[in-house]
2 protein chains.
Amino acid sequence: MNPETITLSSGSMITVAVVVVIALIAVAMALRFRAEVLRARTGTDAMNQVAEAVQEGAAAYLRRQLRTLGVFAVVAFVLLLLLPAHGAAGTEGMLLRAARSIAFLVGAAFSGTIGYLGMWLAVRANVRVAAAAEESGRDPAMLIAVRTGACVGMATIGLGLLGAGIVVLVFRANAPLVLEGFGFGAALVAMFMRVGGGIFTKAADVGADLVGKVEQNIPEDDPRNAATIADNVGDNVGDCAGMAADLFESYAVTLVAALILGRAAFGEAGLVFPLVVPATGVVTALIGIYLTSPKAGVSALKIIRRAFLLSAILSAVMCTIAAFVHLPGSFAELGIENTTAAIDDPRIIASASVVIGIVLGVLILNLTGHYTATEDRPVRGVAGSSRTGAATVILSGFALGLESAVFTALVIAAAVFGAFLLGGAGVTGLFAIALAGCGLLTTVGVIVAMDTFGPVTDNAQGIAEMSGDVDEEGAQVLTELDAVGNTTKAITKGIAIATAVLAATALFGSYTDAIHGVLGDGYQTFLDQAVVFAPQTLVGVIVGGSVVFLFSGLAIRAVGRAAGAVVMEVRRQFREIPGIMEGTGKPEYGRVVDIVTRDSLRELATPGLLAVASPIAVGFGLGAPALAGYLAGAIATGVLMAIMLANSGGAWDNTKKMVEDGVHGGKGSPAHEATVVADTVGDPFKDTAGPAINPLLKVMNLVAVLIAPAVVGMSALSGDPNPLRFAIAGVALLAIAVAVWFSLGRDVDLGEEPVEERAVQEDAAEG
Amino acid sequence: MNPETITLSSGSMITVAVVVVIALIAVAMALRFRAEVLRARTGTDAMNQVAEAVQEGAAAYLRRQLRTLGVFAVVAFVLLLLLPAHGAAGTEGMLLRAARSIAFLVGAAFSGTIGYLGMWLAVRANVRVAAAAEESGRDPAMLIAVRTGACVGMATIGLGLLGAGIVVLVFRANAPLVLEGFGFGAALVAMFMRVGGGIFTKAADVGADLVGKVEQNIPEDDPRNAATIADNVGDNVGDCAGMAADLFESYAVTLVAALILGRAAFGEAGLVFPLVVPATGVVTALIGIYLTSPKAGVSALKIIRRAFLLSAILSAVMCTIAAFVHLPGSFAELGIENTTAAIDDPRIIASASVVIGIVLGVLILNLTGHYTATEDRPVRGVAGSSRTGAATVILSGFALGLESAVFTALVIAAAVFGAFLLGGAGVTGLFAIALAGCGLLTTVGVIVAMDTFGPVTDNAQGIAEMSGDVDEEGAQVLTELDAVGNTTKAITKGIAIATAVLAATALFGSYTDAIHGVLGDGYQTFLDQAVVFAPQTLVGVIVGGSVVFLFSGLAIRAVGRAAGAVVMEVRRQFREIPGIMEGTGKPEYGRVVDIVTRDSLRELATPGLLAVASPIAVGFGLGAPALAGYLAGAIATGVLMAIMLANSGGAWDNTKKMVEDGVHGGKGSPAHEATVVADTVGDPFKDTAGPAINPLLKVMNLVAVLIAPAVVGMSALSGDPNPLRFAIAGVALLAIAVAVWFSLGRDVDLGEEPVEERAVQEDAAEG
């Protein structure tokens, strides 16, 4: 059956329409939760003053970022219009390409909206959580934080499902092509928000700590530190806006991959069932969110984890029922004649794949918890090494990161392999992997809710500290909630990278599907050249891994650079504004926010360009088989690197908390000093480089899918020296080289000469 | 032409005989250099006392290690006898398998001998270098260090060439099969010596620094520190024995891969030419070594680099001449009918490939130098970040490591791709890659000489410091030579990983060649399943990358654990032996050596098992295509990880040296303290985990080559559930799981409970 000729029956249309209605309900619930949060009391004037400063800073940053992204979006829009699309010739083809470009803008807009909404609400919820902790105790405070997360979570899955559902309703069999644009828009914006937000949050955090804790010996969130407001702004633009956009993007891209492969593997039903699975996720997420109602005497973490588990079990049951209701009992009934599936029962394949994805989510939740929680052996081991100094803490945490990456990656690989065994070789196996991704998606609503919980409570604590208007008891409540937030943030990162791997693997299938479509009978040549041990493929694998390493290095370096600028500015303020340390002078918080905003937007460019241009350079330069190797190398190295960075960072963070809670000498001991160093090292690991790898993988995969027809069309496969092809690759390579060159060059400018000059001025001022 | 029917003409036999004679000359020259070193004066009694303690410790360690390896070797010998070998049936097959097993023992013995020799001579040269520096100045001191390196370098290439040459002389067309055993023996022993030596050297170093520099504030190599002798022993067993065995193994394995592929691609000439290339390397290495004669007024580094460059250029010229003399002008004349080569001139393909390898060596020399030398921007940037504390030094050095890994990996990838373009798809392209590896081998003699220079001068400085018998001027000479040694060590690591990648990529070709041989017409099925985007292959890529991460994590953790034991022992001695700090009591150096010896041999087991058992688990468990993906993932992740670890460690080392030389506050400043922390983090990066990845890659590849016929024979390809196959995979997996479990469990035993107990006892003793 030719996929392009599929028409949707009225039954299918009705199902998709129901999915769209469910998506609308999710959006409505998001608005309801938002209203609930905004109804809460906003606390004292001092609290509101701090909160408003954070709100202003965050809004200013995000506005500037979205404006910058607008330029990128317009360029991408035009390029996308020009890119050929397989199976879309003539006028209809033109229309489809236009639709793909418009879908790109919609996806980008949705991604930006989710990020903006998450940030907007979080900076309003933080002060309300602080006020509630002061006035009414833990449970009402926790409820506000949970509802904030619920709003963002519902909006994420609502908009994701809405976009995909409407495209399927309108474009039917051509939906996958249009959805490529939607997914690319979502992924591109999410990547920029992730990277920019990640650089912002950690530059402010590291800079604040270096001057505050290390040099001036004042506590975190101390109002005398000019970088505190920037630090609080950072929590919102990084953890809220960045993570929400990232998970939205995972959601959208997984759906896109599932629909592309579903059409090829299951025919008509394959365009509908991938929408049904996340739709059940909306329902179970709502149940999960209502289950996360705080109960007196039960630890907040336990409540959240229980809600996650229950909604996961419910999803598994509901999806299995949906598969048996919605799908026929054999491939023949699907209209598929040749299938590679191990079992001739689409219902079993579909439901088992979805369940694999859900089980994967639960496993990762526990694995990440094990490696980053203070109660378990690994972090206790790292804490033990703090007695022999910072170096041993860093070494043991780094080793923990490497090991945990391996176990998590192996669990994810097992899920991929399990789904593949169900579906068999060929497109059915790839669709099974995509369905596992959809299964994992059913938990995204709760995951986003859990993640948003973190920065809101963190900020609430900051506001309490800075305003000085929260008593001992309220502070205690906020400290407890903040610690819970740390763990939920770590878990979210684990799930996010799992969705990224499944989505990227499935997209990988879409890439070859696109090539198959263009090449037809010539496909076997491509297969022969894409064997993993062919030198060009192996070179591709090495280059793909290299991009992940370079991207991580650039992100970490960017944080160091921006943090250096913060340190210089805060030092300047301490020196030039009289009475800051005595509390009689007020630091200029806004200046620091401006500096971090400017620097992090500037630092965006190089990693962003690398993600978009490197698959273009490899594809056009070395050919389609090398590009396939490149994607495989990026996925494998990416998942390991992302988890290593996230978990070692998370473990160091909690090691510091353990020591601060009194282990191995407590606050102020040499062990504490050692863990502060390790925590600072971990900051850009866990909040900048690590999580940015998720959208990186998907942007690269989507670029590969989008350029595949052009690459193959320019005889990149047969090895003919096509000048246009090498010109495109050359331009892409040159762009990367120039960007990296400037990026590394900037490093020396800021880090050597001017700094030494300033240091001299400083000495002169002091002397 | 069926490769097994190749006979060697008398002309070829004579050429191979000449190669064997050249190999014998190399061995003779090694003996001559050895005598030259031993003739030098051995200094004062105090110096000799220290040197003897180091000699005893090193010999005791290496004897125990070789005994442990003996057990492993016997097991591997038997398993190898049982493994089927393709194309070797009946009595002749039995004989060939026996020969392969015997070659395994010879390879293992050669590898061990080289390591032992390197160590044996280095611990005798160190005291002579110290004495010469005291008595006669820089040039005679440098000459002894250079001659020591020359002896080990000549022995390395002499024995490697001798083994390969004799096997080709005796077994002719069957030589590749027998050589698999030779290479495996060399690689296995080298890996164990690398890992064990690496753990020993850094456990002693880190442990000595943690107690000495950090806790007691006494300088490095201070005789009051009980761990100093162990630290000096470590330099020899790690850098000398480990690196020499490692490079010998690279040499042997590259030759093996080249001969396997040469037979398939070039017929008879392919069994001879790969021996001719390194034979010219013997000549040019000798010239290079004689060029490294110290000249007054010229910096030692400049002399060494110039010698390397000159011998590289000479090699390129000589190999090109050899290709045009030795090879015919067309493939038809070689007896090859179907070739995929881009040019129908084997002479051009062969000489250009060799030149690519030589150029690669020169490029890596410069890249590594750029990233780790104190004169260049990168290390100066890291040093600049020391003013904001240890965390920023670590972050910027880590980013530097990531970035330098990318550029180095891309250069290596370009060399692979270049050779592949010359040879075209198929076996000729793979042979071209192997020839590039042979080209790189021509520099190994000089490289080993350069590398051995490092620990000898390092130890000479230690002996001078501990004996107190070297005056200011002599100390100055030794400090200069030590700094040169640091840089040459870093460069050697870069070259070593490049040889590893080329050898592994070529071996990868041997793996598929073996499968092709067994499957015959069924080979296309294997190809179809081994495309890089097939889920099982992609899972293999992820698992391969995981093994590199796990191996690195285990190695780093092992150092931390063993260093912890050193710290406890040195603390105990300070506490229990009266008068150590005053210089009236003498520490028990031997106790620390014993502890490190015991611990590092115990820590060997898990990483070693992982390397051997994981390809078995993947191959038999997931099948031959997944094993191919596994190898690709391991090579790509391995090269990036190895360079990242080596270069960030090297950069931190030199950052510390820069600050100690007076930049940013000099010795004792906060910046210095920050760089000491970073250097300690870098120690296991650059000297344990990083360099051990080289032999790891080759052991895994060779295991894959050896088991390929068995894996394919057990229908792992067709997916039939063969119980024996799953049983083998299960046993391998179980062995890894148990070893990792015990390894991680030991961590907690040593790192938590007992340490806390000891800490309590300590407190009690102090209180």
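The values are calculated or read from the model by the stated rules, or taken from the named source; none is laboratory data. Quick caveat: nothing in here was measured; it's all calculated off a predicted structure. Positions of Cβ are backbone-derived with ideal geometry, glycine not excepted, and every protein chain shown enters the neighbour counts. We work out accessible area using only protein heavy atoms, side chains counted, and drop any ligands, DNA or RNA first. Shrake-Rupley method; radii C 1.70, N 1.55, O 1.52, S 1.80 Å.
Details
- Filtered residue count, the range A:651-690, keeping only those that are farther than 20 Å from B:Ile394 by Cβ and open to solvent by less than 10 Å² (accessible area, probe 1.4 Å): 1
- Residue-level check: of (1) of a type outside the set (S, T, N, Q); (2) open to solvent by less than 20 Å² (accessible area, probe 1.4 Å); (3) farther than 30 Å from A:Gly437 by Cβ, A:Ala415 misses just (3).
Rundown of residues vs (1) assigned to a helix (DSSP H, G or I); (2) within 24 Å of B:Phe420 (Cα to Cα), yes/no style:
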{"residue": "B:Ala252", "(1), (2)": "yes, yes"}
{"residue": "B:Phe266", "(1), (2)": "yes, yes"}
{"residue": "B:Pro274", "(1), (2)": "yes, yes"}
{"residue": "B:Ile287", "(1), (2)": "yes, no"}
{"residue": "B:Ser293", "(1), (2)": "no, no"}
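- Residue in the range A:620-643 that is in contact with a Pro (Cβ under 9 Å, 6 or more places away or on another chain), under 30 Å from A:Val416 (Cα atoms) and open to solvent by 10 Å² or more (accessible area, probe 1.4 Å) present: no
- When B:Arg305 is tested against the conditions (1) without any contact (Cβ under 8 Å) to a residue 60 or more places away in the chain; (2) under 26 Å from B:Asp687 (Cβ atoms), the lone failure is (1).
- Within the range A:551-566, restricting attention to residues that are at the interface with another protein chain (Cβ under 7 Å from one of its Cβ atoms) and open to solvent by less than 10 Å² (accessible area, probe 1.4 Å), the residue that is farthest from A:Ala646 (Cα to Cα) is A:Gly553.
- Yes/no for B:Val214 being closer than 13 Å to B:Val567 by Cα, within 14 Å of chain A (Cβ to nearest Cβ) and open to solvent by 10 Å² or more (accessible area, probe 1.4 Å): yes
- Scanning the range A:567-598 for residues that are surrounded by fewer than 20 Cβ atoms within 10 Å (Cβ to Cβ) and assigned to a loop (DSSP other than H, G, I, E, B) yields A:Ile577, A:Pro578, A:Gly579, A:Met581, A:Glu582, A:Gly583, A:Thr584, A:Gly585, A:Lys586, A:Glu588.
- When A:Glu180 is tested against the conditions (1) open to solvent by less than 10 Å² (accessible area, probe 1.4 Å); (2) of a type outside the set (A, V, I, L, M); (3) away from chain B (no Cβ under 14 Å), the lone failure is (1).
- Looking across the range A:315-330, just one residue is under 14 Å from A:Phe273 (Cβ atoms), open to solvent by less than 20 Å² (accessible area, probe 1.4 Å) and not aliphatic (A, V, I, L, M), and that is A:Cys319.
- Neighbours by Cβ (under 7 Å, 6+ apart or cross-chain): first from the range B:91-102, more than 13 Å from B:Leu179 (Cβ to Cβ); second open to solvent by 90 Å² or more (accessible area, probe 1.4 Å) and of a type in the set (S, T, N, Q): none
- Checking A:Val427 against (1) open to solvent by 20 Å² or more (accessible area, probe 1.4 Å); (2) within 19 Å of A:Pro691 (Cα to Cα); (3) in contact with a Gly (Cβ under 8 Å, 6 or more places away or on another chain), the condition it does not meet: (2)
- Checked against (1) more than 30 Å from A:Gly666 (Cα to Cα); (2) open to solvent by 10 Å² or more (accessible area, probe 1.4 Å); (3) within 7 Å of chain B (Cβ to nearest Cβ); (4) without any contact (Cβ under 8 Å) to a residue 24 or more places away in the chain, A:Gly381 passes all but a single condition, namely (1).
- Evaluation of A:Leu601 against the conditions (1) surrounded by fewer than 24 Cβ atoms within 10 Å (Cβ to Cβ); (2) hydrophobic (A, V, I, L, M, F, W, C); (3) at the interface with another protein chain (Cβ under 7 Å from one of its Cβ atoms) shows that the sole unmet condition is (3).
- Hits in the range B:369-394 - residues which are within 25 Å of B:Ile447 (Cα to Cα) and among the polar types (S, T, N, Q): B:Thr372, B:Thr374
Yes or no, residue by residue, for (1) modelled with pLDDT under 85; (2) within 25 Å of B:Ser743 (Cα to Cα):
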position	(1), (2)
B:Ser546	no, yes
B:Ser552	no, yes
B:Gly564	yes, yes
B:Gln573	no, no
B:Pro578	yes, no
B:Arg591	no, yes
B:Leu622	no, no
B:Leu631	no, yes
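- Evaluation of A:Asp221 against (1) in a loop (DSSP other than H, G, I, E, B); (2) buried (at least 24 other Cβ atoms within 10 Å of the Cβ); (3) not β-branched (Val, Ile, Thr) (one fails), failing number: (2)
- Residues in the range A:502-533 that are touching a residue at least 24 places away in the same chain (Cβ under 8 Å), facing chain B (nearest Cβ under 9 Å) and open to solvent by 10 Å² or more (accessible area, probe 1.4 Å): A:Gln529 alone.
- Only one of the numbered conditions (1) open to solvent by less than 10 Å² (accessible area, probe 1.4 Å); (2) facing chain B (nearest Cβ under 9 Å) is not met by A:Val448, and that is (2).
- Residue match in the range A:106-117 (condition: in a helix (DSSP H, G or I), in contact with a Ser or Thr (Cβ under 8 Å, 6 or more places away or on another chain), open to solvent by less than 10 Å² (accessible area, probe 1.4 Å) and small (Gly, Ala, Ser)): no
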